[in-house]
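See below for the structure under consideration.
Please treat every number below as a calculation from the coordinates, not as lab data. Every value quoted in this text rests on a predicted model; they were computed, and no experiment measured them. Neighbour counts run over all protein chains shown; Cβ positions are idealised from the backbone, glycine included.
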Amino acid sequence: MARLDNKKVAILATNGFEQSELEHPLKALREAGAEVHVVSPESGEIKGWEGSDWGTSVKVDELLDDAQPDHYDGLVLPGGQINPDLLRANPTAVEFVKAFWAAGKPIGAICHGPWLLVEAGVLKGNKVTSYHSIKTDVINAGGDWEDSECVCENGLVTSRNPDDLPAFSAKVIEEIAEGRHNKRAA
């Protein structure tokens with residue numbers, strides 16, 4: 001597996017993130033050598049969602065208001081229904097995502113995480129996947145949706161659900177390791 005020594009990655013999340021969709025990439029990125037910060041509009045801790053109830057809390061490393069996209073080499077957007085729905089209504093979170101896209105930095109979004117990509121206007125013309133219930137949202141935003149475990153185009157890594165986490169995490173690590181400052185960055 002690729003190494004991410006000297007790389008910094010932001011995981012943007014708030015209360016209601018899908019527990020495994022934050023924890024699995026966080027662990028995989030750290031094991032690959034990355035410095036990973038959980039970035040959130042809330043300070044202290046945020047609580048996950050697991051199954052049909054609240055899960056466990058995760059420490060917030062940096063407040064969204066203080067986070068600088070240029071300090072990071074990549075971004076991960078976990079899903080869950082609550083987390084991305086709250087974040088897509090937060091203008092600072094949407095601008096944070098747009099800044100990564102404009103800089104050509106890799107972005108990984110899983111499950112309902114692509115709702116933030118819809119709001120940020122970054123899907124047009126890109127092959128993507130997501131949780132099946134937001135397929136129409138993704139298509140209406142210009143994404144070329146497909147039902148695949150992991151889809152990657154222009155440094156944008158997307159997956160459908162927690163079953164896809166191993167492939168998702170591996171591809172996010174690969175994209176960050178290769179420093180995909182690609183053709184979408186002017």
- Item | Residue of T129, T14, T92 that the Gaussian network model of the chain assigns the largest fluctuation, springs spanning Cα pairs under 10 Å | T92
- When the chain is treated as a GNM, springs tying every alpha-carbon pair under 10 Å, which of S40, S130, S52 comes out with the largest mean-square fluctuation? S52
- Query: Amide H to amide H, which residues 5 or more places from G108 or on other chains are under 5 Å from it, using H placed in the peptide plane?
  - Reply: L75, V76, L77, V157
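In the chain, which longest range has no trypsin sites (Lys or Arg not before Pro) that are both DSSP loop (not H, G, I, E or B) and surrounded by at most 12 other Cβ atoms within 10 Å? It would help to have the intermediate numbers written out before the result.
Working: sites that count: R3, K124, K183.
Between exposed loop sites, the widest span is 4-123.
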- Note on the structure: Here segment 8-177 gives, from Cα atoms, an Rg and Dmax in Å of 13.9, 38
- Can you list residues whose amide H is under 5 Å from E45's amide H, if they're 5+ apart or on another chain and H is modeled 1.01 Å from N? V60
- Mind listing the phi-derived Karplus ³J(HN,Hα) values for segment 52-69, rounded to whole Hz, using 6.51, -1.76 and 1.60 with θ = phi - 60°, and x for any glycine or proline? 10, 7, 4, x, 9, 8, 10, 5, 8, 8, 8, 6, 4, 4, 9, 6, 10, x
